[in-house]
Amino acid sequence: MLNNGLKTSVFAEQEVYINKVFKLLPQIYEYKPKAAVITFGCQQNVSDSEHLKGMLFKMGYTITEHTEEADFIIFNTCAVREHAQDRVYGNIGTVKALKKNNPKLLAAVCGCMSQQESVAEKIKKSYPYIDMVLGTQVFHRLPEFIYKRLSGSKRIFERDLPNEEIVEDIPVLRDGKYKGWLPIMYGCNNFCTYCIVPYVRGRERSREPEKILAEAREMINAGYKEITLLGQNVNSYGKDCAHGVTFSKLLRMINDIEGDFVIRFMTSHPKDCTEELINTIRDCKKISRHLHLPFQSGSDRILKQMNRHYDREHYLNLIKMAKERIEDVSLTSDIIVGFPGETYEDFKETLSLVKEVEFSSLFTFIYSPRENTPAASMPDPVTREEKGIWFDELLKLQEEIALKNQDKYLGKTYKVICDSVEGDGLLSGHTSGTASIEFEGDESLLGKFVNVKVTSCDGALKGVVI
Ligand code: 5AD
Ligand code: SF4
C-alpha cells in the first residue's frame with residue numbers, strides 16, 4: 001500500500017523463518033528452549049519488546065525473565081542518556097559467564113544503542129560473545145537472524161535504516177492483560193539539539209488509520225480496558241501521509257469504537273499541540289483527562305538553543321486552555337536541567353514555570369551529552385555538581401507542590417481500572433489522570449472498572465469501592 005511513497009509491508013517473509021526456527025530448535029536443544037527479553041528505556045521499547053516476545057514465542061521459545069536460565073537473550077537498549085547506556089554495557093558483560101554455563105546460549109543487542117555505529121563497533125571488538133546487533137528498523141527480522149546464526153552463520157551486524165517502511169503484522173505477546181500499548185507512529189522529525197532519537201529511530205512514519213483501529217478493536221475484544229497510543233510526537237500523526245487523518249481525528253475514531261475503555265497517549269510536543277486536540281480530549285469521554293506535554297525548559301533563550309519551536313508564552317497559553325476546558329485535567333511534563341549554556345537565571349525560569357502550572361508529576365533529567373547531536377558541541381561551563389544542586393532544587397519544589405495539592409483528591413470518587421494486587425494485599429488502579437489509588441477488594445475485581453472514593457491522601461492515595 002502506498003503511504004506517500006512509504007511502503008507498508010507485511011511480515012510474511014519472516015513467517016517462513018519462524019517456521020524454520022520452530023523446526024530447528026528441537027534438533028539443537030533436548031528441551032524447550034527459553035528466551036529472555038531485557039528492556040531498557042521508554043514505552044516504545046517496551047512495546048517493541050512485546051513484539052520480540054511475540055516472535056520468539058512463535059518460534060518455539062518459552063519466555064522467561066531470568067537470563068540465567070535462558071537459551072536466547074536479547075537486550076533492547078536505550079541511548080537517550082549516558083546512564084542508560086552504561087547500564088546496558090554492564091548487563092551485556094554478564095553474557096560471557098552465562099555462555100560458560102550454557103554454550104548453546106545466543107545473545108543479541110537491539111534498540112536505540114545498537115543503531116549507533118560507535119556502539120556496534122565497540123560490541124564487535126570488545127564483546128565477542130554477543131552474536132547479533134540489530135538496528136531499530138530491522139528487529140522484526142529476528143527470526144531470519146536467529147535461523148542464520150543457529151545454522152552456523154558468522155556474527156550478525158545489521159543496522160541499516162531501510163526504506164523507512166512500516167512493518168505490520170509482527171506477532172505480539174503483551175505484558176499486561178488490561179492495559180496495553182498501541183504504537184501509532186515511529187521515528188521523529190524534530191531534531192531537538194540534545195536528542196539522539198531522530199538519528200537512531202529515523203523519520204516520522206505513521207501507521208495507516210485502519211491498521212490502528214483494527215488493533216484497537218482486537219485489544220478491546222481481548223479484554224483490554226486501557227489503550228495507550230504511542231509515538232515520539234503523537235500530535236504530528238498523519239502529517240507524513242495523504243489520508244488526511246490528524247491525531248485528533250484518529251482519537252475521535254478510536255473513541256467511537258464500542259466498549260468501555262480508556263484511551264491514553266504519549267508523547268505530545270507543544271509546537272504541535274492544537275486547540276483541536278484540547279477540544280478532542282474535552283469532548284471524548286473515553287480519553288483520559290491527562291496531558292503529558294514536555295516543556296524541557298522555562299527559558300525562551302534555552303528553548304531556542306534546544307530547537308523546540310515554541311516559547312514559554314505559547315506553552316503557558318496551551319496549559320491555560322487545557323485547564324479551562326478539560327475538567328480536573330492532570331498535567332505532566334519532562335524537564336532537562338543543565339542544558340549547555342544554561343545559567344542559573346535560565347533555570348529560575350524553569351522553576352517559575354513549574355510553580356505556575358503545578359504539574360501532577362514530572363520527569364526530570366540532568367542534561368546528558370549525546371554523540372553527534374548539536375548540543376554535544378556547545379560550550380557547557382556549568383559543572384555536573386552544580387547541575388545536581390539545581391536538579392535537587394527542582395525536585396524539592398515539585399515535592400512541595402505535590403504535598404500542597406494532595407488533599408484535592410480527598411472525598412472524590414474516581415472510576416479506575418483495577419489492575420494489580422499490591423504487596424500489602426490491597427488492589428490498585430489509576431485515576432483518569434495519573435494518580436494511583438489503593439483500595440480493599442476481592443481479586444475478582446481485577447480487570448474491571450470500579451468506582452473508588454478517596455478516603456486518605458497521606459503519600460499514596462487510599463480509598464474504598466463504592
Ligand atoms: N539529556 C537529558 N535528557 C534528555 N532527554 C532526551 N534527550 C536527553 C539528553 N540528551 C529527555 C527529554 C525527553 C525525555 C524522553 O528524555 O526530556 O522529553
Ligand atoms: Fe527527541 Fe525532540 Fe523528537 Fe522528543 S521531539 S524524540 S525530545 S528530538
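By how many nm would the segment from Cys284 to Leu161 lengthen if fully extended, with 0.36 nm per residue of separation less the alpha-carbon distance?
Contour length minus Cα-Cα distance gives 40.6 nm.
Relative to the longest principal axis of the C-alpha atoms of the chain, give the angle of the C-alpha long axis of helix 384-405, reported between 0 and 90° and rounded to the nearest 10°.
60 degrees
State the Cα centre-to-centre distance between the stretch 308-365 and the stretch 424-458 in whole Å.
Distance between centres, Cα-based: 29 Å.
Along the Cα-to-Cβ line of Ser352, 7 Å from the Cα, sits a label point; which residues in the stretch 289-329 have backbone N less than 19 Å from it?
295-305, 310-320
Can you give the translational diffusion coefficient of the stretch 354-466 in µm²/s, computed by Stokes-Einstein from the Kirkwood radius over Cα pairs at 20 °C and 1.002 mPa s?
Using the Kirkwood radius from Cα pairs, D works out to 127 µm²/s.
Starting from the Cα-Cα distance between Lys211 and Tyr31, subtract it from 0.36 nm times their residue separation and give me the gain in nm to one decimal.
61.1 nm
Please identify the trypsin sites (Lys or Arg not before Pro) of the stretch 285-352 that satisfy two criteria: DSSP loop assignment and at most 10 other Cβ atoms within 10 Å. Which are they?
Answer by residue number: Lys285.
One-quarter of the Cα convex hull surface for the chain, in nm²?
23.0 nm²
Using the Kirkwood formula over every pair of different C-alpha atoms, what hydrodynamic radius in Å results for the stretch 4-56?
Evaluated over the stretch 4-56, this radius sits at 13.6 Å.
When Tyr367, Tyr409 are ordered from fewest to most other Cβ atoms inside 10 Å of their Cβ, what list results?
So the ranking, lowest neighbour count to highest, is Tyr409, Tyr367.
Counting alpha carbon pairs within less than 8 Å and at least 6 residues apart, what relative contact order, in whole percent, applies to the chain?
11 percent
What whole number of Å gives the distance from the Cα centroid of the stretch 192-224 to the Cα centroid of the stretch 12-32?
Answer, in whole Å: 29.
Kirkwood Rh over alpha-carbon pairs of the stretch 360-425, then Stokes-Einstein at 10 °C and 1.306 mPa s: what D in µm² s⁻¹, rounded to an integer?
Diffusion coefficient, whole number: 98 µm²/s.
If each residue of separation counts as 0.36 nm, what is the full-extension length gain between Glu275 and Asn221 once their alpha-carbon separation is subtracted?
Additional length available on full extension: 16.3 nm.
What number comes out for the charge environment of Cys457, summing +1 per Lys or Arg and -1 per Asp or Glu over other residues with Cβ under 14 Å away?
+2
Computed FRET efficiency, Cβ-Cβ of Ala242 and Lys448, R0 30 Å: what is it to the nearest 0.05?
Step by step, r from the Cβ atoms, then E = 0.15.
Given R₀ = 25 Å, what would the calculated FRET efficiency be for Glu399 paired with Leu426, taking r from the Cβ atoms and rounding to 0.05?
E(calc), rounded to 0.05, equals 0.55.
Taking C-beta distances below 4.7 angstrom as the pairing criterion, name the unpartnered cysteines of the chain, in sequence order.
By the Cβ distance rule, which asks for a partner under 4.7 Å, the isolated cysteines are Cys42, Cys78, Cys110, Cys112, Cys188, Cys241, Cys273, Cys284, Cys418, Cys457.
Only the coordinates and a few stated rules stand behind these numbers; no lab work does. If you're wondering where the values come from, they're calculated on a predicted model, not measured in any experiment. As a convention, Cβ positions derive from the backbone with ideal geometry for all residues, glycine included, and neighbour counts pool all protein chains shown.
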